[in-house]
1. Out of all DSSP beta bridges in the protein assembly as shown, what portion is antiparallel? Express it as a percent rounded to 5.
2. In nm, to one decimal, how far is the modelled label at A:ARG116 from the one at B:THR137, with both set 7 Å along Cα→Cβ?
3. Want the number for A:GLN58 to A:ILE136: 0.36 nm per residue separation, take away the alpha-carbon distance, what's left?
4. Once label points are set 7 Å from the Cα along Cα→Cβ at both B:LEU171 and B:SER276, what is their separation, rounded to one decimal in nm?
5. Can you give the calculated 222 nm mean residue ellipticity of the protein assembly as shown, where each DSSP H run of n ≥ 4 adds -39,500 (n - 2.57) and the sum is split over every residue, rounded to the nearest 500 deg cm²/dmol?
6. So what does A:GLU29 come to for accessible area, using a 1.4 Å probe and Å² rounded to 10?
7. Nearest 20 debye, what's the magnitude of the dipole of region A:91-155 about its Cα centre given +1 on Lys and Arg Cβ and -1 on Asp and Glu Cβ?
8. Would you please give the FRET efficiency between B:ILE27 and B:TRP199, computed as 1/(1 + (r/R0)^6) with r the Cβ-Cβ distance and R0 = 51 Å, to the nearest 0.05?
Amino acid sequence: MISFDNVSKRYPGGHDGVSNITLQIDPGEMVFLTGHSGAGKSTMLRLIALLERSTQGQVRVGGRNLTRLRRSEIPYHRREVGMIFQDHRLLHDRTVFDNVAMPLIVAGMGHNEVSRRVRAALDKVGLLQRERAYPITLSGGEQQRVGIARAVVSKPPVVLADEPTGNLDSELSQEIMELFQLFNQVGVTLLVATHDLELVRRLRKRTLVLNNGRLVQDHHSF
Amino acid sequence: MRATSIRNKTSASLSRRRQINPRIWLIRHLQVALSSLGRLARTPFSSLMTIAVIGIALALPSGLHLMLSNIRTLSNSWDGAASISVYLVQTASDETAAELAKQLHTDPEISEVRVITRQQALTEFRQMSGFSGILSTLEENPLPAVLVVKPDQNLNDPGKAQNLATRLSALENVEFAQLDLQWVTRFHAITEIANRVVWVVASLLGLAVILIIVNTIRLEIQNRHAEIEISKLIGATDSFIRRPLLYSGAWYGLFGGLVSWLLVTLSLLLLSAPVSRLAGLYQSDFELAGIDFNIFILLLSSGALLGLAGSWIAVARHLHNIEPN
């Protein structure tokens, strides 16, 4: 589903985000990405979502060669990749419903279909009752769940999460991980960047360890 | 095996999602247009300020244009009144004058001939000049008979009327024929210059409107930075992000056009009473013409187009700077 072939990303000024990464993630896999901060976890996710382009090597997602993707095709690629952020990235002047509906509206979906799907996604993350609330009135864990609902509402085959539990206590983190496992069970390929090693160990999933932009370990389970 | 099936599903769904139902597309446009309008309404003070500035900028050239076209109507009515005075020789009798008038009446370039007999001329001169005392001491009527010739309507070109006058001068019993159109020609030249001035002013102020809207939309882009960034993250195309901003620009321009119409119409109302009083003093029933429907539509649509152009420039200039990170 996702493949890196000798991929490097060098930022202007000479700093290497990642260097010479080669890996393969199969469809339906759930993979953790760990390493100290600055090790290149975010850079890898950014390369997959085409927030950045590699300076060397090829990144492929779902058979699509991202190196060759034209600028005008990037939006269509991003619709296939759901993204979850540590800081949620919700719009605070819109209700929970409107936040979650954004990817569907962007994709030009009709009103009824949008309502149906948004409610289904909110139901999955347990926030159906709060659809009219504004994000600011929700707790951190709830806001993160809204972010998750937004990432999966358009049923993308790939979901990326960048430190999704970074600001949450262990109980809430556990809930979020259970949600991820739920999505994974229906065939979504998940790539979760985290430095919460305890959580990673408990879930027994494939784990990629980055150090200074290099892939140093690739465990299939602990 | 499983890998291929999901991959196929992915690329299939990608192509499916690119095709947007035209009905939904239309509804989306309508929604975006209305929500841009709602956005303007949410900040009424700053929106009104922008709209007022645009309105004033558009009102100036349209007001000047209106003034000019009013002056033109006025000068056209003078053109129509332009006639050739054909002075007959002193010896020509009233019968000769009537005979000549009859003859000229058949001329295709002439629409009307009026005879002023020598006696009529004298009476009129007495009344108008105030020299009646002196005139009565004269033994003989010093005034010739005059034929007032009105050129055909098609002959409103001053040059052709002048040719006609020359031709009439050459006729037997005619002393000379005078076409007093020189000032009309000059007036035409002046209005032509004024017309150019209106165009120059209109272009400059049109440019000003574009710049105002560029700046307004630039601020709007700054205010919506977070929204634009997230939209890009979740796969919004450039045109999707552009659309509400372009609609905002068009709305600003449209309302600016409306305000300019209002301003010009109000100024006209203020002017119309004194103008008709002045016209009354000149025995004229001239009245100021207002903005007609065509000009009204032109004003609105040029406002909207300028708005669209301005927001397009702002969007092209600033939207690419926002990239999600």
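The values are calculated or read from the model by the stated rules, or taken from the named source; none is laboratory data. Since this is a predicted model, take the numbers as computed values, not measurements. Counting neighbours? That spans all protein chains shown, and the Cβs are built from the backbone with ideal geometry, glycine included. Note: accessible area is taken over every heavy atom of the protein model, side chains too, but ligands, DNA and RNA are not part of it. Shrake-Rupley method; radii C 1.70, N 1.55, O 1.52, S 1.80 Å.
1. Details: 33 of 50 bridges.
Among the beta bridges of the protein assembly as shown, antiparallel pairing accounts for roughly 65 percent.
2. 11.1 nm
3. Details: separation 78, 0.36 × 78 = 28.08 nm, distance 4.01 nm.
Answer, rounded to one decimal: 24.1 nm.
4. 4.1 nm
5. On the way: 18 runs with 313 residues, N = 547.
Value at 222 nm, helices only, nearest 500: -19500 deg cm²/dmol.
6. Result for A:GLU29: roughly 40 Å² accessible.
7. Details: 10 positive and 6 negative charges, 35 e Å.
So the magnitude is around 160 debye.
8. On the way: r = 41 Å, r/R0 = 0.80.
Efficiency computed from Cβ-Cβ geometry: 0.80.
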